[in-house]
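Undergrad: Dropping a structure here in structure tokens format, bear with me for questions.
The values are calculated or read from the model by the stated rules, or taken from the named source; none is laboratory data. What you see is a predicted model; the values in this text were computed from it and never measured. Backbone-built Cβ (ideal geometry, glycine too); neighbour counts: all protein chains shown. For the accessible areas, the whole protein counts, side chains as well, though only heavy atoms, and no ligand, DNA or RNA atoms are used. Shrake-Rupley method; radii C 1.70, N 1.55, O 1.52, S 1.80 Å.
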Amino acid sequence: MKAHEYQAKELLAEYGVPIPVGGVAKTASEAREIAAGLKGQIVVKAQVHAGGRGKAGGIKIVSTPDEAEQAARDMLGSMLVTHQTSPEGVPVNAVLVAEAADIEKELYLGIVIDGVAGLPVIMASESGGVDIEEVASTSPEKILKAYVYPGLGVRPYLARQLAFDLNLNKEQVKSATELISNLYKLFEAKDCSLAEINPLAVTTDGRLLAVDAKLNFDDNALFRQRDVEELRDVQQEDALEVEAKSKGIENYIKLDGEVGCLVNGAGLAMAVLDLLKQVGGNAANFLDIGTINDPDRVVQAIGIINSDPDVKVILVNIFGGMARTDVIAQGLVAASKQMEIKVPVVVRLAGTNVDEGNRILDESGLNLIRAYSFKEAAQKAVEAVQKSN
Ligand code: GDP
Ligand code: MN
């Protein structure tokens with residue numbers, strides 16, 4: 001789950017990380033009021049769950065409350081498209097209005113879980129402000145890394161070493177040491193999967209200031225992070241993913257290809273994505289229906305996949321263990337009666353009650369593309385996409 005910048009900054013402030021003075025506005029007149037209470041130049045920032053706002057017109061620096069109101073009016077209600085969003089963009093329903101920082105230098109500071117090391121890793125760089133992925137690929141040596149053993153937390157020496165390596169002066173090293181340790185405390189306490197300050201500004205008067213902030217939270221920890229869950233803004237999320245969750249389907253993931261995938265089990269889902277790639281295709285999404293044995297769940301699942309406009313073919317690939325393939329077949333038959341399925345459907349069933357499952361499909365009179373092996377199913381799905389183009 002993601003949070004907005006203003007929400008992330010409120011949490012940062014709670015944990016003692018310095019942020020610019022400001023407030024969040026949902027209307028242009030609120031933006032004006034907030035701006036009237038601020039000193040110096042003012043920055044108006046679109047609040048969306050995506051970075052790259054600077055280059056996309058989602059950040060304006062202005063001089064007066066009038067201009068702040070105008071900037072807010074331009075942004076609010078619009079869709080912001082950045083290199084991190086879909087081509088339709090994401091809605092701007094709030095803007096952050098804050099005192100603009102006088103920036104001398106932009107640093108990067110982030111904490112993520114390193115899946116390979118199995119540890120949180122703090123990353124810091126003097127090349128902040130820009131896309132850190134870009135820095136990581138062109139000049140990885142510019143990114144400092146320090147692993148944290150959760151039992152020990154951030155030892156002072158570890159934060160101090162990072163601060164020294166960022167070429168900060170003595171005073172700044174002190175505040176950076178504290179800041180890094182505070183960011184880690186937040187990361188741990190709130191079950192973050194990412195805590196990122198980019199840029200972490202060194203201001204012209206020598207202070208460190210979190211000019212941007214991004215927090216992502218581990219969805220699996222939300223049961224014990226009720227206050228975090230309240231920060232959820234579903235309008236920023238993929239509409240079909242939200243619908244799937246509301247129907248109790250945990251694993252529906254939107255991707256950017258053309259094949260809609262109905263599978264059971266996360267492992268099979270990953271294998272389907274790999275195999276599609278291998279035969280020249282790409283998944284538009286995958287929906288893991290789990291071990292559900294209720295035909296209505298299949299109808300709901302097909303309904304979600306069928307409403308994704310990117311889907312050019314539906315691939316149903318079920319390996320029945322606990323899940324019964326005959327129930328899946330019944331669900332497919334019911335789905336085709338209840339809705340107009342606009343694209344070809346490739347079905348491959350294997351495992352529990354497969355003879356019965358195949359019999360139901362054989363006798364259904366449905367115009368399905370049948371496959372009897374995994375690879376055949378992937379190939380037929382890709383062929384169907386090619387035909388539709
Ligand atoms: P992002 O593009 O979505 O990551 O948004 P950021 O908040 O990181 O802003 C992008 C860039 O805009 C920063 O790297 C800064 O160069 C500039 N910027 C943002 N806020 C301020 C500010 O308060 N003062 C100044 N001088 N520049 C800012
Ligand atoms: Mn940023």
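Undergrad: Report, as a whole number in µm² per second, the diffusion coefficient that Stokes-Einstein gives for the range 238-388 at 4 °C and 1.567 mPa s using the Kirkwood radius over alpha carbon pairs. Please list the in-between numbers first.
TA: Numbers: Rh = 14.8 Å.
Reported coefficient: 88 µm²/s.
Undergrad: Say a site is exposed when it is one of the GluC sites (Glu not before Pro), sits in a DSSP loop, and has at most 14 other Cβ atoms within 10 Å; what is then the longest site-free stretch of the chain?
TA: Looking at the chain, 89-229 is the longest stretch - no exposed GluC sites (Glu not before Pro) with at most 14 other Cβ atoms within 10 Å.
Undergrad: Can you give the helix-only mean residue ellipticity at 222 nm for the chain, where every DSSP H stretch with n ≥ 4 adds -39500 (n - 2.57) and the sum goes over all residues, rounded to the nearest 500 deg cm²/dmol?
TA: Helix contribution divided over all residues of the chain: -11000 deg cm²/dmol.
Undergrad: Restrict the search to the range 1-31; then list the trypsin sites (Lys or Arg not before Pro) that DSSP places in a loop and that have at most 13 other Cβ atoms within 10 Å of their Cβ.
TA: 26
Undergrad: Right, next: Quick one: Cα centre-to-centre distance for the range 296-355 and the range 184-261, in angstrom?
TA: So the separation of the two Cα centres works out to 31 Å.
Undergrad: Put a dot 7 Å past each Cα toward the Cβ at residue 359 and residue 21; how far apart are the dots in nm?
TA: The modelled label-to-label distance comes out at 7.8 nm.
Undergrad: Another one. Return the sequence-ordered ³J(HN,Hα) values of the range 113-122 in whole Hz as given by the Karplus equation 6.51 cos²θ - 1.76 cosθ + 1.60 applied to θ = phi - 60°, using x for Gly and Pro.
TA: Result, ordered by residue: 8, 8, x, 6, 6, x, 9, x, 10, 8 Hz.
Undergrad: Need the full-extension length gain, residue 340 to residue 367, defined as separation in residues times 0.36 nm minus the C-alpha distance. One decimal, nm.
TA: Numbers: separation 27, 0.36 × 27 = 9.72 nm, distance 1.24 nm.
Difference between extended and current length: 8.5 nm.
Undergrad: For a Förster distance of 25 Å, can you work out the FRET efficiency between the beta-carbons of residue 119 and residue 160, rounded to the nearest 0.05?
TA: Here the calculated transfer efficiency is 0.85.
Undergrad: While we're looking at this one, here's another question. Can you check what the net charge comes to around residue 259, using other residues whose Cβ is under 12 Å from the Cβ of residue 259 (Lys, Arg +1; Asp, Glu -1)?
TA: -2
Undergrad: Could you calculate the contour length gain from residue 255 to residue 237, that is, 0.36 nm times the residue separation minus the distance between their Cα atoms, to one decimal place in nm?
TA: Gain on extension, residue 255 to residue 237, equals 5.2 nm.
Undergrad: Next question, about the same structure. For the range 86-98, just list the computed ³J(HN,Hα) in residue order, Karplus coefficients 6.51, -1.76 and 1.60, θ = phi - 60°, integers in Hz, with x standing in for Gly and Pro.
TA: 6, x, 6, x, 10, x, 9, 10, 8, 10, 9, 10, 9
Undergrad: Treat each spin label as a single point 7 Å out from the Cα along the C-beta direction, and report the residue 55 to residue 282 distance in nm.
TA: Modelled inter-label distance: 1.9 nm.
Undergrad: Let me ask something else about it. Taking 0.36 nm per residue of separation and subtracting the Cα-Cα distance, what length does fully extending residue 84 through residue 141 add?
TA: 18.0 nm
Undergrad: Label residue 207 and residue 220 with points 7 Å out from Cα along Cα→Cβ: what is the distance between them in nm?
TA: Placing both labels 7 Å along Cα→Cβ, they lie 4.0 nm apart.
Undergrad: Ok, one more. Relative to the longest principal axis of the chain, what angle (0 to 90°, nearest 10) does the C-alpha long axis of helix 325-338 take?
TA: Between the helix axis and the principal axis of the chain, the angle is about 80 degrees.
Undergrad: Then there's this: Give me the net charge of residue 19's neighbourhood, meaning all other residues with Cβ under 12 Å from the Cβ of residue 19; Lys, Arg count +1, Asp, Glu -1.
TA: On the way: positive: 9, 207; negative: 5, 10, 14, 99, 212.
Cβ neighbours under 12 Å give a net charge of -3.
Undergrad: Separate question: Give the dimensionless ratio obtained when the Cα radius of gyration of the range 21-100 is divided by 2.2 N^0.38 Å. List each step's numbers first, then the result.
TA: Details: Rg = 11.7 Å, N = 80, 2.2 N^0.38 = 11.6 Å.
With N residues counted in the range 21-100, Rg over 2.2 N^0.38 Å equals 1.01.
Undergrad: Within the range 108-193, report the trypsin sites (Lys or Arg not before Pro) that DSSP leaves as loop and that have at most 13 other Cβ atoms within 10 Å.
TA: Within the range 108-193, no trypsin sites (Lys or Arg not before Pro) qualify (loop, at most 13 other Cβ atoms within 10 Å).
Undergrad: Step through the table entries 55/245; 55/254; 26/105; 277/387; 145/214, compare each Cα-Cα distance with 29 Å, and write down the pairs that go over it.
TA: Violating the 29 Å Cα-Cα cut-off are 55/245; 26/105.
Undergrad: What percentage of all Cα-Cα pairs in the chain are separated by more than 28 Å?
TA: Details: 42001 of 75466 pairs.
For the chain, the fraction of Cα-Cα distances above 28 Å is 56 percent.
Undergrad: Moving on to the next point. Going 7 Å from the Cα of residue 174 toward and past its Cβ, which residues in the range 202-218 have a backbone nitrogen under 16 Å from where you end up?
TA: 206-208
Undergrad: Report in % the part of the accessible area of the range 21-100 that belongs to carbon and sulfur, leaving out ligands and nucleic acids; probe 1.4 Å.
TA: 53
Undergrad: Karplus couplings for the range 167-181 from phi (6.51 cos²θ - 1.76 cosθ + 1.60, θ = phi - 60°), rounded to Hz, Gly and Pro as x?
TA: Listing the rounded values in order: 6, 8, 7, 4, 4, 5, 4, 4, 6, 5, 4, 5, 4, 4, 5 Hz.
Undergrad: Rolling a 1.4 Å sphere over the protein heavy atoms, what is the accessible area per residue of the chain, to the nearest Å²?
TA: 47
Undergrad: Any idea what angle helix 295-306 forms with the longest principal axis of the chain, computed on alpha-carbon atoms, 0 to 90 degrees, nearest 10?
TA: For 295-306 against the chain, the angle is about 60 degrees.
Undergrad: Then there is this: Angle check, please: helix 374-388 long axis (alpha carbons) against the longest principal axis of the chain (alpha carbons), in degrees 0 to 90, nearest 10.
TA: 80
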